[in-house]
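Below you'll find the structure I mean.
The values are calculated or read from the model by the stated rules, or taken from the named source; none is laboratory data. Predicted model only: the values in this text are computed from it and were never measured. Please note: Cβ atoms are built from the backbone with ideal geometry, for glycine as well, and neighbour counts cover all protein chains shown.
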Amino acid sequence: MRRLSLARSNEEEVAGQSFGKAKQKLTGDPREESINAFRQQAVLNMVSRSLQGYNPLQGDPVPTTFNRHATHHSISCRQYTEVNSLASLLLLVAFIKERDLLLEAQPA
């Protein structure tokens with residue numbers, strides 16, 4: 001359970017950093033743009049899924065897939081699983097990798 005909370009916290013910290021600013025400075029080989037766009041879309045899809053709505057005050061059931069809101073607002077064996085810990089960690093690594101690639105693309 002601690003791994004999921006730690007990964008989720010790190011995810012929020014990384015997301016709050018300069019991801020948007022780095023993306024604005026993206027330059028590179030146009031032949032590679034389709035794979036870059038695919039990779040970025042895959043990361044954004046993972047982020048989107050992890051941010052799906054969850055409100056325990058409205059009686060929403062705790063989701064069984066990784067959900068940032070459920071991890072933050074509930075303590076449940078349905079949310080705190082090894083699979084969700086791994087999903088959170090993979091999302092964090094993918095997000096960091098994308099940010100690093102965007103920052104490397106900045107002109108010197």
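Within region 75-90, track down each residue that is within 17 Å of Val43 (Cα to Cα) and crowded, with 18+ Cβ neighbours inside 10 Å. Reasoning before the result, please.
Filtering region 75-90 down to residues within 17 Å of Val43 (Cα to Cα) leaves 84-90.
The answer is Asn84, Ser85, Ala87, Ser88, Leu89.
Filtering region 44-55 down to residues that are surrounded by 11 or more Cβ atoms within 10 Å (Cβ to Cβ) and either in contact (Cβ under 8 Å) with a residue 60 or more places away in the chain or outside any loop (DSSP other than H, G, I, E, B) (or both), which residue is farthest from the chain's Cα centre (by Cα)? Even if it seems obvious, please write down each step before you answer.
Residues of region 44-55 surrounded by 11 or more Cβ atoms within 10 Å (Cβ to Cβ): 44, 46-47, 49-52, 54.
Going one step further and asking which of them are either in contact (Cβ under 8 Å) with a residue 60 or more places away in the chain or outside any loop (DSSP other than H, G, I, E, B) (or both), we end up with 44, 46-47, 49-50.
Details: Leu44: 7, Met46: 6, Val47: 4, Arg49: 9, Ser50: 7 Å.
Top of the filtered list is Arg49.
Within region 72-108, how many residues turn out to be part of a helix (DSSP H, G or I) and over 30 Å from Asn36 (Cα atoms)?
Initial filter on region 72-108 (part of a helix (DSSP H, G or I)): 72-73, 82-104.
Right, trim to over 30 Å from Asn36 (Cα atoms) and you get 72-73.
Here the count works out to 2.
Being of a type in the set (Phe, Trp, Tyr), modelled with pLDDT under 85 and surrounded by 11 or more Cβ atoms within 10 Å (Cβ to Cβ), is that true of even one residue in region 56-74? Spell out the reasoning first.
Residues of region 56-74 of a type in the set (Phe, Trp, Tyr): 66.
Going one step further and asking which of them are modelled with pLDDT under 85, we end up with none.
No, region 56-74 has no match at all.
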